[in-house]
1. Looking at the range 2-134, how many pairs of lysines come closer than 21 Å at the Cα, when each pair is eight or more places apart or spans two chains?
2. Find, among the GluC sites (Glu not before Pro) in the range 1-108, those assigned to loop by DSSP (not H, G, I, E, B) with at most 14 other beta-carbon atoms within 10 angstrom.
3. Could you give each residue of the range 76-84 its phi-based ³J(HN,Hα) in whole Hz, using Karplus coefficients 6.51, -1.76, 1.60 with θ = phi - 60°, and x for Gly or Pro?
4. Applying a 10 Å radius around every beta-carbon, put 25-33, 6-14 in order of their mean neighbour count, most first.
5. Compute the distance from the alpha-carbon center of the range 83-97 to that of the range 1-42, in whole Å.
6. Please list the non-local residues whose amide H lies under 5 Å from the amide H of V93, H modeled 1.01 Å from N, same-chain partners needing a gap of 5 or more.
7. Would you pull out the residues with amide H under 5 Å of L24's amide H, same chain only if 5 or more places away, H placed 1.01 Å from N?
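Read-outs throughout are calculated quantities, based only on the coordinates presented, and are distinct from any laboratory measurement. Remember, predicted model here, so these are calculated numbers, not experimental data. Glycine gets a Cβ as well: all are built from the backbone with ideal geometry, and neighbour counts include every protein chain shown.
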Amino acid sequence: MPYLLDTYNILHAGISLGGPFSNLTVRALCQWIVASPQRVKATLVLDGRAKPDEPTENEFPDVDFLYSGTGIPADNVIAQLVERSGNKRKLTVVTNDRAVALHARNNFAQAISSEAFLKLLLGADKAQNAALRNQLPTKKTAAALSEGESAHWLKEFGLKGPGPAPPPRPDSPDLTDEDLKRLMGGN
């Protein structure tokens, strides 16, 4: 399924999401797209002209770059691409701009949010990371610390330990069938 990306819109959404997308750039977005096992066919639509620090099609041959040119918003280019598409129903526009999404839907194309697209890419990456994590020895991935390790890190960060354990509760007597019936509202 081909995707038309409102690129700078996606970058802003990624930075707002934080985490692995906190420093999202055009180059990093292309790397996420290329690394996706879902074979995302993407056209990045960008405002203005190519910047010197942005990647080229030579660097990412599987990703198409389309610059709107001086004084023409990328939103207008996306709208024209949707209108001229031969198979609009298989086209997905990725944007948080309501007008762009509405235009796409009115022309029978699909539209998803920038966050949904980034999570789609992240989900693919999580699957790869989980597969790699399963190949590591259990000791390397276990999160439990020994009592000595915990004490060391508590001391290192100037924190107090959890304190003594609470006293054990006195054993409550076993309830009989009669007690249960009474508690449940029976006679």
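1. Details: K41/K88; K41/K90; K41/K119; K41/K126; K90/K119.
Close lysine pairs under the 21 Å cut-off: 5.
2. On the way: sites: E57, E59, E83; in loops: E57, E59.
When the GluC sites (Glu not before Pro) of the range 1-108 are filtered for loop state and at most 14 Cβ neighbours within 10 Å, E57, E59 remain.
3. Those phi angles translate into 5, 5, 4, 4, 5, 5, 5, 4, 8 Hz.
4. Values: 25-33: 18.8, 6-14: 21.6.
In descending order of packing, they fall as 6-14, 25-33.
5. The range 83-97 and the range 1-42 have Cα centres spaced 17 Å from each other.
6. Amide H neighbours of V93: L4, Q110, A111, I112.
7. Here the answer is I15, since their amide H atoms fall under 5 Å of that of L24.
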